[in-house]
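Nothing in this text is a laboratory measurement; each read-out follows from the coordinates by a stated rule. Remember, predicted model here, so these are calculated numbers, not experimental data. Don't worry about glycine lacking a Cβ; one is built from the backbone with ideal geometry, like all the others, and counts go over all protein chains shown.
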Amino acid sequence: MKSMQNAQPVAADKDEVGWRHFPQFEMLLSSEEPPPVLGKVEKTCRILDDILKSGTDADKARAKAAMTAFGRSLDLLRALTEMRDKTLKAK
């Protein structure tokens, strides 16, 4: 396995970006209804909250990091949904 310490990001050619597809995001953003994954996120966050209240220090640190990641993911989903809605209104 290669060391990640020496890995350097490679800039994509601007012409290459058009071929990329993100089917999960496209499916998630094409639906008007809340995605089913939100229910799973809510359930997981409740479990993480329980760990934050009663877990060991190490478990609490991991739970806090996971909650932060879920929060950022939900922020991203909200931002993408808002951009989608603005684009649809502009048409």
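Descriptive notes on the structure:
- If R0 equals 22 Å, the separation of the Cβ atoms of Lys64 and Glu42 corresponds to a calculated FRET efficiency of about 0.80.
- Other residues with beta-carbon under 14 Å from the beta-carbon of Arg84 carry, at +1 per Lys or Arg and -1 per Asp or Glu, a net charge of -1.
- For region 33-39, putting each phi into the Karplus relation 6.51 cos²θ - 1.76 cosθ + 1.60 with θ = phi - 60° gives couplings of 8, x, x, x, 5, 5, x Hz, in residue order, rounded to whole numbers and with x for Gly and Pro.
- For region 37-90, the alpha-carbon coordinates run over 51, 18, 12 Å along the three principal axes, in decreasing order.
- Chain lengthening between Ser31 and Ala90 when straightened (0.36 nm per residue, less Cα-Cα): 19.4 nm
- Pairs of Lys residues in region 37-90 that lie 8 or more places apart, or on two chains, and have C-alpha atoms under 23 angstrom apart add up to 7.
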